[in-house]
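Scroll down for the structure; my scribbles are underneath it.
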Amino acid sequence: SLASMSAGTPEYMAPEMWELKEVDPAADQYSMACMISEMLTGQKLFDGENTPIIMLKHFKPVILPESISPSLKPILQKALSTAPQDRFYSLLDMQKAFGTATGKEEDGKKLRQGLEIAELLLAQGNPDKAIISLKDLFKTEPLSVKPVLIRALVIRGDQKFRSENLESAMQDYTDACK
């Protein structure tokens with residue numbers, strides 16, 4: 001039977017799994033794209049009354065639902081290619097494509113650059129300038145900024161940050177930033 005030939009959930013199985021070919025991370029990418037589509041729409045991309053019907057749908061060109069954002073469709077189309085070599089080189093490349101499409105990659109770059117600048121200012125002995133440079137980042141990325149900010153305040157000699165109650169001190173700083 002089909003069930004004994006392959007292992008996986010039919011709605012998410014890459015075509016190469018159905019063909020009993022060698023499976024590599026590209027199959028995971030395909031499955032992930034199926035799940036992302038389902039998360040975005042609330043419906044399985046490949047569905048049917050029985051396993052053979054579902055299997056056949058994996059070998060036909062994918063038509064993504066209209067409700068999926070146009071900026072995400074090319075990414076999902078690539079990840080859902082029937083040929084593994086036509087998919088993204090890696091899941092990291094797929095993640096970067098989603099980051100670019102949603103604008104999150106740029107946010108990550110800004111955060112890294114901001115933290116690097118603050119670290120450089122600390123290394124140069126300028127904790128006040130480091131704190132000022134982190135102010136806006138702290139509003140949007142408090143967990144990422146917190147360790148560098150605490151170090152800057154300790155270097156500056158802020159006694160409140162030498163206490164055990166760092167959370168209270170961080171709240172005071174957050175309130176001051178508003």
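When 56, 40 are screened for being in a helix (DSSP H, G or I), surrounded by 11 or more Cβ atoms within 10 Å (Cβ to Cβ) and free of Cβ contacts under 8 Å to residues at least 12 places away in the same chain, only 56 passes. Checking 108, 99, 114 one by one, the residue that is within 27 Å of residue 148 (Cα to Cα), in a helix (DSSP H, G or I), modelled with pLDDT under 75 and not charged (D, E, K, R) is 108 and no other.
So if I check each of 62, 23, which one is open to solvent by 50 Å² or more (accessible area, probe 1.4 Å), without any contact (Cβ under 8 Å) to a residue 24 or more places away in the chain and assigned to a loop (DSSP other than H, G, I, E, B)?
23
The values are calculated or read from the model by the stated rules, or taken from the named source; none is laboratory data. A quick note: this is a predicted structure, and the numbers were derived from the prediction, not measured. All Cβ positions, even for glycine, are placed from backbone atoms using ideal geometry, and neighbour counts span all protein chains on display. For accessibility, only protein heavy atoms count, side chains too; no ligands or nucleic acids. Shrake-Rupley method; radii C 1.70, N 1.55, O 1.52, S 1.80 Å.
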